[in-house]
1. So which of B:110, B:21, B:63, B:51 is on the phi < 0 side of the Ramachandran plot, among the polar types (S, T, N, Q) and within 14 Å of chain A (Cβ to nearest Cβ)?
2. Which of the numbered conditions does residue A:205 fail, given that it passes all the others? Conditions: (1) touching a Lys or Arg at 6+ places or on another chain (Cβ under 7 Å); (2) open to solvent by less than 30 Å² (accessible area, probe 1.4 Å); (3) of a type in the set (D, E, K, R).
3. Among all residue pairs at least 6 apart or on different chains, which show Cβ distances below 6 Å where the first residue, located in segment B:29-43, is more than 13 Å from chain A (Cβ to nearest Cβ) and the second is open to solvent by less than 30 Å² (accessible area, probe 1.4 Å) and of a type outside the set (Val, Ile, Thr)?
4. Can you say whether residue B:89 is touching a helix residue (DSSP H, G or I) at 6+ places or on another chain (Cβ under 8 Å) and either of a type in the set (Asp, Glu) or at the interface with another protein chain (Cβ under 8 Å from one of its Cβ atoms) (or both), as far as the supplied structure shows?
5. How many residues are surrounded by fewer than 20 Cβ atoms within 10 Å (Cβ to Cβ), away from chain B (no Cβ under 14 Å) and either touching a helix residue (DSSP H, G or I) at 6+ places or on another chain (Cβ under 6 Å) or within 25 Å of residue A:78 (Cβ to Cβ) (or both) if we restrict to segment A:208-231?
6. Suppose we keep only residues that are touching a residue at least 60 places away in the same chain (Cβ under 8 Å) and within 9 Å of chain A (Cβ to nearest Cβ) within segment B:9-18. Which one would you say is most open to solvent (accessible area, probe 1.4 Å)?
Amino acid sequence: METVKVMLYILVFPGFLFQMIYSTYLEWVDRKLYARMQNRRGPLYTGWSGVLQPVADIVKLFAKEDVTPAASDKFMFNILPLVALASACTAGLYLPVWHLTGFNSFQGDLVVVVYLLAMPSFVLFLAGWFSVSPFSLIGATRVLTQLFAYEVPFFLALLTPAVVAGSWKIADIAKYPWASGNWWVIPLQVLAFIVAVLALQAKLERVPFDIPEAETEVVAGPLTEYSGKKLAVFRIQKDISMYAGSALIAALFLGGFGGGLYLGALQLVLKTLLVVALLSVIRGACARIRIDQIVSFSWRYLAPMSIVQFLIVLLLKGGGVI
Amino acid sequence: MFKKLVTWARVKSPWILHFNSGACNACDIEILASLMPHYDLERFGVMLKASPRHADVLVCSGSVTKQIAPRLKRIYEQMPDPKFVVAVGACACSGGAFRGCYNVLGGIDSVIPVSAYIPGCPVKPEAIIDGVAKLLAQLDKESA
C-alpha cells in the first residue's frame, strides 16, 4: 500500500502527470500573454482559445521521424533528453504543494532543488556538445557562459528567505509567514525576488537571455540537431522547468501555498501564474542582449543586489527583529 | 483513434522553415508580413523555426538557381518526416520571369517534390495563409 502511495505521488499528483499537464497550461498562458504584448492574439483555434496548442505541438513532435545525426555520439544524444526531463520533474517533486509540505521534504532540500534545476542547463550543454554540429557547439558554450552569469545571483537570492526562516527546508521557508505571522518579510525581500525572477528567466533561456538559442545567429543553439521525440522531451522539460522554477519562487518569496487543500491549490495556481506573467512581460518587453552584456549585467547588478538584500536580512536577523 | 489524434496535432501545429532559393526578396517580405502581428499566423499554431530539424513545412520562395539547388535538396533531406513543401510566388511555382535563364533550373519542383503552389508576384499574405490552410485541410481529409 505504501509503495502504491509513493508511486502515485511520483507519477500523478506532485509528480509527472500533474506537472506535465499544468506546465502545458503555463506555456499556453505564457504564449498568450506574449502575443498580447505584441498586439497579436496568440494560439486561437486549438481547443478553447488555443489552450491545447502546447499539447498539439508535443503530440505532433512525438509522431515525427526521429533523426540521429551520423556524426553525433548516439548513446549520449539519445539519453540526454530523458536526463533533463527527469531532473526537472524531480525538482518539482520536492516542492511543498502538498498540505504545505512536500511529500518527501527533508532538511536541505532547497539545495537539492536548486541543483536539480541547474541540471537541465548542463544537459543542454552536453546535448549541444555531443550532437557535433558547429551551431550546437557554439550554442553549448554559450549555455555554460550564461550559466556562470546567472547561477550565483540565483543562489544568493534564494539564500535570503532561507536565512529569514532559519531553515534549509523549502516547506519550513514557505510555512514561515503562516507560522510566525511576519507577513511583512514578503515585501522586505522584493530585491531578492526581482533577482530570482530575472535569473529564472536566464535559466529558462528566454528573451532577453535567449543567447544560447539565438535563431538569427546559431540556428537553434544546442537543440539544432534534435528532432521528433527528443525535441518533444526537451520541450516538456522546458515547460516543467518553468513550472518548477516559478513554484519554487512562489514558495520562497510569496508565502507558499498554505491554508488547506483547496486554498493551497488555488494559491499554487495564482502564484505560479503571477511569476509566469512576470516572465512573459519581461520576454515581451525586451530584446536579446549579447553574451558579454548578460555576464556584466549579472555580476554588476544582480549579484550586488542580492548581496545587499542578504545584508539587510542578516542585520534584521542580528537585531532580533525577524 | 490514435491516428486521428496525430492528424489533429499535425494539422494544428505546422512549424515552418523559410527558405529563399533565389527570390528577389519580395515574396520573403510577404511571408514575414504574414507572420507579423497584423495577420498573426500563430493563431493557427504556425511558428517560424530556425532549424530544419524542427520544421514540418518548408516554405520556399524564388526560382531555383544552379548554385542553390544542392543546398535546397540538403535542407529538404535534413527535415524529419512527414514533411511538406510550399512554393510561394510565381518564380517558386515555375521559374517565373527567370525561367530559361542560363543559371536557373526552374521552379522548386525541379529539385524537390512540392505539396502546394501559391502563385503571385509577389504573393499576398492572405494568399499564403489560404494556401497553407488548404494544404492542412487536404492533409486532414487524406488521413480521415
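The values are calculated or read from the model by the stated rules, or taken from the named source; none is laboratory data. No experiment lies behind these values; they were computed from the predicted model shown. Please note: Cβ atoms are built from the backbone with ideal geometry, for glycine as well, and neighbour counts cover all protein chains shown. Accessible surface areas use protein heavy atoms only, side chains included; no ligands, DNA or RNA. Shrake-Rupley method; radii C 1.70, N 1.55, O 1.52, S 1.80 Å.
1. When all the criteria are applied, what remains is B:51.
2. Going through the list (1) touching a Lys or Arg at 6+ places or on another chain (Cβ under 7 Å); (2) open to solvent by less than 30 Å² (accessible area, probe 1.4 Å); (3) of a type in the set (D, E, K, R), residue A:205 breaks only (1).
3. From residues that are more than 13 Å from chain A (Cβ to nearest Cβ), the pairs are B:30/B:125; B:33/B:125.
4. Against the criterion (touching a helix residue (DSSP H, G or I) at 6+ places or on another chain (Cβ under 8 Å) and either of a type in the set (Asp, Glu) or at the interface with another protein chain (Cβ under 8 Å from one of its Cβ atoms) (or both)), residue B:89 does not qualify.
5. Matching residues across segment A:208-231 total 0.
6. For segment B:9-18, the residue satisfying everything is B:10.
Okay, residues lined up against (1) of a type in the set (Asp, Glu); (2) in contact with a strand residue (DSSP E or B) (Cβ under 8 Å, 6 or more places away or on another chain); (3) on the phi > 0 side of the Ramachandran plot; (4) in contact (Cβ under 8 Å) with a residue 60 or more places away in the chain:
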site: A:241; (1), (2), (3), (4): no, no, no, yes
site: A:250; (1), (2), (3), (4): no, no, no, no
site: A:255; (1), (2), (3), (4): no, no, yes, yes
site: A:267; (1), (2), (3), (4): no, no, no, no
site: A:289; (1), (2), (3), (4): no, no, no, yes
site: A:294; (1), (2), (3), (4): no, no, no, yes
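Rundown of residues vs (1) within 20 Å of residue A:188 (Cα to Cα); (2) among the aliphatic types (A, V, I, L, M); (3) in contact with a Leu (Cβ under 9 Å, 6 or more places away or on another chain); (4) open to solvent by less than 50 Å² (accessible area, probe 1.4 Å), yes/no style:
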{"site": "A:264", "(1), (2), (3), (4)": "no, no, yes, yes"}
{"site": "A:267", "(1), (2), (3), (4)": "no, no, yes, yes"}
{"site": "A:276", "(1), (2), (3), (4)": "no, yes, yes, yes"}
{"site": "A:320", "(1), (2), (3), (4)": "yes, no, no, no"}
